[in-house]
1. May I ask for the net charge around ALA35, where only other residues with Cβ less than 15 Å from the Cβ of ALA35 are counted and Lys, Arg are +1 while Asp, Glu are -1?
2. Extending each Cα 7 Å along its Cβ direction at LEU59 and LEU79, get the distance between those two points in nm, one decimal.
3. Got a number for carbon plus sulfur as a percent of the stretch 7-78's accessible area, 1.4 Å probe?
4. Which value, in Å², gives the accessible area per residue of the stretch 24-65 when a 1.4 Å probe is used on the protein heavy atoms?
Amino acid sequence: MNEPLQTPFDSVENAQQYIRLLAEAIAEAKTEIAADLASATEAGLQRRLQALQIVQFKLDKLEHHLKTSGRLLNDLRTLRRLLLEERFEPVATTKKDPAA
């Protein structure tokens with residue numbers, strides 16, 4: 001029997017890993033854009049500088065959305081565990097007085 005191909009969205013945990021990878025890629029892109037912004041500023045390339053500023057703004061927005069998505073996925077994972085009773089509440093043990 002053939003197993004279905006695994007995609008980043010087969011489970012909440014896989015989706016979380018996918019979001020983490022996207023966040024890493026965005027962080028790398030932001031570093032590159034910062035360097036390009038410095039170069040464009042030094043060279044006095046106004047049109048390129050404006051375009052890079054827009055790119056930086058869009059990356060910031062995307063980063064914010066990914067952080068929000070990560071929190072939503074955490075909430076979903078917690079709710080799934082609660083509903084499927086995967087997470088057990090620790091039982092508080094009390095010591096009884098043996099003389100009683």
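The values are calculated or read from the model by the stated rules, or taken from the named source; none is laboratory data. Just so it is clear, the model here is predicted, and its values are computed rather than measured. Note that each Cβ is placed from the backbone with ideal geometry, even for glycine, and that neighbours are counted across all protein chains shown. Surface areas here come from the heavy atoms of the whole protein model, side chains and all, with no ligands, DNA or RNA. Shrake-Rupley method; radii C 1.70, N 1.55, O 1.52, S 1.80 Å.
1. Overall, the nearby charge balance is -2.
2. With each label point 7 Å from Cα toward Cβ, the separation is 3.3 nm.
3. Details: 2970 of 5060 Å².
Ligands and nucleic acids excluded, carbon and sulfur give 59 percent.
4. Per residue, the stretch 24-65 has 74 Å² of solvent-accessible surface.
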